[in-house]
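Here is the structure we will look at.
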Amino acid sequence: MKQPFGKRLVLLAVAISLALTAAPAEARDLSLADAIAEALAANTGLRVTAQGEKTAEAELREAKGQNHWSASTSASASTNKQKDEDRNSSGSVGLTFNYPLYTGGKNEANIRSSAYGIDIAGLTTERARETLKYDVIKAYFDALESRHTIDVNQDSVNYYDANLTNVQQLYSAGSKARIDVLRASVELSDARQTLIKSQNAYQVNLATLRNLMNIDRTEPLNLTDDFVYDTFDIDLASCVDYATRNRKDILADQYTLQQKEEAVKVAEAGWKPTVNFSAGPTLSQTFEPSSHSDGSYDLKAGVSANWDVFDSGVTRAQVDRAKADRDTAQLNLQRAQEDADLSVRTAYYNMREAEHRLDSTQDAVSEAEQDAYIAREKYRAGEGIMLDVIDAQRALSTARLNHISAQYDYARYKAQVVDEMGVGLTDAERTAAAKMAGLPMAPQGTTQTIVEPEGATPDAETKDTATHAEATQDTDDVDTTVDTISDNDDESASDVANELAGNDG
């Protein structure tokens, strides 16, 4: 039975009213450590990078397959008829097994090159994880700074609003001029514009964080961590030294150089002979004339050699190109080391500059608060002017914003220093990264069990490779401590990583 139209209309109105008055979705509490873990487990860009490991593994299997047995089949059928003769029809089927006995070192070089490719892919993925971690830290602190900036700008709006009300009352009483009312109104409008911009910046920073975490782009978030000053006691020289020996991208460039060396050997193999072994049976059958229908079975085996003694300089050109690529890889490695040196120094200097600003800006806030209080009271007493009040309030807002900026600049630059050093993930972060879709659950430090390439600086004090891990302790953890690098450093690189991840221990 249908309900009356009026009753249905009332029910619809009630439903709309309940929807409009429903409480907004509760914001999810999000710590910095959780944000990093979720990003490592779900970030799309990282998943794309990780696919390179699967590609490298396939290339290695392909290279190994080129140096093993292969089999091919062949079949043929023919018929012919000559004048005054019977038709002759026959067919054959063969199976041939081939094995490369000698390729001039080409296959072996390709296998070694592909093995380096797996190491490069693993290092590239690990470096992408470290960079993603820094991006999340930066986005998290950007959002926190924006949130505190909103508070400062909201206080300014509240102050200018109250000031406008006070000036209007004084103007109505005849104790202040109309120009004071206009000036107070303009300042309030400007403060509201600044507040709107800071609110938008906060939403943009939250959107950036959600994007890195690959979560619902509209999910409300409540950032639970905040800035806590913690000293960074590692000296600059140790940071630079650590980066040049542990940056995953630099290690990847070292392996790339080794790949180019193998490419030269592949090209030079063109000057050498190749030797192949082949064997297999062949079955032949004559169909016409029927009197010759008996089949035959042959088993052949042999060794064949091939040597291109002249190719118009093709091999020479290939060798020259491979050597040029090798020299380019050497220069790229050198450039990567120089870039790492500069990036560490830049981040370190910026971090120290922000650290020095912390104390001075805190003092400036206290002084600006006193100045603003004096200016307001003098104006109320009729001894000051509106310009003094406005200037004092602007100075207070600027001082508070400068202090907030110094705090989060220090936090961001500290995280950047750690990232530029190439400090690895913590155990918890590595576990989260292993949860990424399509990746197997890897044991701790799997991506770091890589034999150091030729030409790398030996280092018995770090654990960035499997060899070093065995020489130091029974673990492959790449979060190596740098207190052995500098005798005066009590804080290790892994401690820094834990601190930035919000872990007390």
Review point. Hey, which lysines would be in cross-link range of Lys248, C-alpha to C-alpha under 28 Å, not counting anything within fewer than 8 residues on its own chain?
Key: Lys54, Lys64, Lys133, Lys138, Lys260, Lys265, Lys323, Lys414, Lys435, Lys463
Point to revise | Computed E for Val314/Asn98 - FRET, C-beta separation, R0 35 angstrom, nearest 0.05 | key: 0.90
Study note, to complete from the structure: Gyration tensor on Cα atoms of region 297-336, a ≥ b ≥ c root eigenvalues, a/c under 1.5 rounded, else prolate if a/b beats b/c, else oblate, says oblate
Check your understanding: Simple spin-label model, 7 Å along Cα-to-Cβ: Asn306 to Arg335 in nm?
Key -> 3.8 nm
Review point. Expressed as a whole percent, how much of the Cα-Cα distance distribution for region 284-439 exceeds 25 Å?
Key: 72 percent
Revision key, fill the gap. Residues meeting the amide H criterion for Asp225 (H placed from the backbone, H to H distance under 5 Å, 5 or more places apart or on another chain) are Leu32
Review point. Running Debye on region 69-182 with equal point scatterers at the Cα sites and no solvent, what base-10 log of I(q)/I(0) appears at q = 0.10, 0.20, 0.22 Å⁻¹?
Key: -0.77, -1.10, -1.16
Exercise for review: Please work out the FRET efficiency for the pair Leu182 and Thr346, using the Cβ-Cβ distance as r and a Förster radius of 45 Å; give the result to the nearest 0.05.
Suggested key: 0.45
Check your understanding: By how many nm would the segment from Gln193 to Glu288 lengthen if fully extended, with 0.36 nm per residue of separation less the alpha-carbon distance?
Key -> 24.3 nm
Practice item. Sort the following peptides by mean Cβ neighbour count (other Cβ atoms within 10 Å, averaged over residues), highest first: 217-225, 396-404, 356-364. Key: 396-404, 356-364, 217-225
**Study point:** Length-normalised contact order of region 142-224 in % [C-alpha pairs under 8 Å, at least 6 apart]
**Key:** 41 percent
Point to revise | Positive minus negative residues near Thr79 (Lys, Arg vs Asp, Glu; Cβ under 13 Å) | key: -1
Exercise for review: Quick one: which residues, 5 or more positions from Phe287 or on another chain, have an amide H under 5 Å from its amide H? H modelled 1.01 Å from N in the peptide plane, none for Pro or chain starts.
Suggested key: Ser89, Ser90, Gly91
Point to revise | Net charge, Tyr408 excluded, C-beta distance under 14 Å - Lys, Arg +1, Asp, Glu -1 | key: -3
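Readers should treat all values here as calculations from the given coordinates under stated rules, not as data from a laboratory. All values reported here derive from a predicted model rather than from experimental measurement. Every residue, glycine as well, gets a Cβ built from its backbone with ideal geometry; the counts of neighbours run over all protein chains shown.
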